[in-house]
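Visitor: I have a structure I would like to understand better, so I am pasting it below and will then ask my questions one at a time.
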Amino acid sequence: MTAILRHPAVAGRFYPRDPASLREEAGSYLAVAQSAPIHAVGCIAPHAGYMYSGHVAGAVFARTEIPQSCIVLCPNHTGMGTPLSIMSEGAWETPLGDVPIDSTLAANLMQRFSALQEDSAAHRAEHAAEVELPFLQLRQPDLRFVPIALGTAQFEPLEQLGMAIADVIAAQEQPVLIVASSDMNHYESDTVTRIKDHRAIERILVLDSRGLYDVVTQQDISMCGFGPAVAMMTAARRLGAKSAELVKYATSGDISGDRDKVVGYAGIVVQ
């Protein structure tokens with residue numbers, strides 16, 4: 001049986017396809033660290049084109065120790081595949097080289113949480129996990145990961161997934177970082193977006209996963225990756241995390257100059 005190799009879906013659009021250019025651009029965003037990396041349980045990083053959100057994602061990953069194994073949770077923008085889609089075999093190709101899937105970790109997750117379904121269709125054209133990988137590769141050359149795409153907006157399965165992730169990580173001998181890939185509010189004015197985003201960020205900074213879910217769903221905050229964030233925070237709390245730090249916040253208007261319709265980006269580290 002031939003191992004699955006998932007080819008890049010957005011190389012050359014969201015980030016450079018040329019390896020040298022990608023290494024230079026992503027490296028420049030990683031080079032702005034103000035202090036030594038910290039041991040983190042999880043983090044939230046944006047997934048827009050590097051031109052717009054790379055500086056926020058880079059700040060997160062520069063602030064965080066990157067272990068050899070990561071779980072990358074992302075929203076399902078394409079609508080393809082199942083609501084809780086995991087890939088447990090093969091590798092993902094990036095311009096910087098292939099990133100193998102941690103098949104043992106993935107198998108343990110599927111055994112612990114049977115709602116996870118093996119499904120490459122949800123991942124094939126999805127950008128939200130892919131754009132995080134070059135940053136992770138540059139920080140950890142021996143990277144392995146487990147991609148999970150979430151297409152459900154229901155709180156209970158997100159919470160159950162978070163608890164399962166925590167239980168599986170707690171049984172590991174080596175650390176595992178949980179990366180929640182998410183942008184914040186979409187396509188409203190810069191002023192409105194910052195107000196809405198900081199309502200959500202307030203809940204994240206106190207690790208209130210139910211509070212984040214409620215504020216996003218009840219106050220019309222179009223945070224595409226609230227599901228990954230809920231699952232990550234649930235897992236982090238179960239693993240003993242006590243605090244969260246807003247490393248960087250920005251909107252697309254900071255780059256484009258267009259303040260009428262922006263997307264918000266928050267970089268947060270949980271420890």
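Visitor: Just to be sure I understand the filter: pairs with C-beta atoms under 6 Å, separated by 6 or more residues or on different chains, first member in region 167-187 and at pLDDT 95 or above, second member surrounded by fewer than 16 Cβ atoms within 10 Å (Cβ to Cβ) and in a loop (DSSP other than H, G, I, E, B). Which pairs pass?
Guide: Note: pairs meeting the criteria are Tyr187/Lys261.
Visitor: So, one more: Looking only at residues that are of a type in the set (A, V, I, L, M, F, W, C) and out of contact with any Leu (no Cβ under 6 Å at 6 or more places or on another chain) in region 233-259, which one is farthest from Val176 (Cα to Cα)?
Guide: Per the stated criteria, the residue is Ile255.
Visitor: Taking region 108-150, which residues are basic (Lys, Arg), assigned to a helix (DSSP H, G or I) and under 16 Å from the mean Cα position of the chain (by Cα)?
Guide: Of everything in region 108-150, just one residue is basic (Lys, Arg), assigned to a helix (DSSP H, G or I) and under 16 Å from the mean Cα position of the chain (by Cα), namely Arg139.
The rows are residues; the columns are (1) open to solvent by less than 10 Å² (accessible area, probe 1.4 Å); (2) under 17 Å from Pro134 (Cβ atoms); (3) at pLDDT below 95; (4) in contact with a Phe, Trp or Tyr (Cβ under 6 Å, 6 or more places away or on another chain).
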residue: Ala48; (1), (2), (3), (4): no, yes, no, no
residue: Phe61; (1), (2), (3), (4): yes, yes, no, yes
residue: Pro75; (1), (2), (3), (4): yes, no, no, no
residue: Pro95; (1), (2), (3), (4): no, yes, no, no
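Visitor: Among what's in region 1-32 and is free of Cβ contacts under 8 Å to residues at least 60 places away in the same chain, over 19 Å from the mean Cα position of the chain (by Cα) and part of a loop (DSSP other than H, G, I, E, B), pick the residue that is nearest to Val99 (Cα to Cα).
Guide: The qualifying residue nearest to Val99 (Cα to Cα) is Thr2.
Visitor: Scan region 151-190 residue by residue and report those that are touching a Ser or Thr at 6+ places or on another chain (Cβ under 6 Å) and in a loop (DSSP other than H, G, I, E, B).
Guide: Asn185
Visitor: Restricting to region 243-257, what's the tally of residues that are touching a strand residue (DSSP E or B) at 6+ places or on another chain (Cβ under 9 Å) and either polar (S, T, N, Q) or without any contact (Cβ under 8 Å) to a residue 60 or more places away in the chain (or both)?
Guide: The qualifying residues number 7.
Visitor: May I ask you to list the residues in region 70-93 that are among the acidic types (Asp, Glu) and either within 9 Å of Glu126 (Cα to Cα) or not in a strand (DSSP E or B) (or both)?
Guide: Scanning region 70-93 gives a single hit, Glu89.
Visitor: Hey, among Ile195, Ile204, which residue is among the aliphatic types (A, V, I, L, M) and either within 14 Å of Ala235 (Cβ to Cβ) or buried (at least 21 other Cβ atoms within 10 Å of the Cβ) (or both)?
Guide: Of the residues listed, the single one that is among the aliphatic types (A, V, I, L, M) and either within 14 Å of Ala235 (Cβ to Cβ) or buried (at least 21 other Cβ atoms within 10 Å of the Cβ) (or both) is Ile204.
Visitor: Tyr249 - would you say it is surrounded by fewer than 24 Cβ atoms within 10 Å (Cβ to Cβ) and farther than 29 Å from Ala33 by Cβ?
Guide: No, not satisfied.
Visitor: For region 151-163, name all the residues that are open to solvent by 10 Å² or more (accessible area, probe 1.4 Å) and touching a residue at least 24 places away in the same chain (Cβ under 8 Å).
Guide: Correct list: Gly151, Thr152, Ala153, Phe155, Pro157, Glu159, Gln160, Met163.
The values are calculated or read from the model by the stated rules, or taken from the named source; none is laboratory data. Every value quoted in this text rests on a predicted model; they were computed, and no experiment measured them. Cβ atoms come from the backbone with ideal geometry, glycine included; neighbour counts cover every protein chain shown. All accessible areas refer to the heavy atoms of the entire protein, side chains included, with ligands and DNA or RNA removed. Shrake-Rupley method; radii C 1.70, N 1.55, O 1.52, S 1.80 Å.
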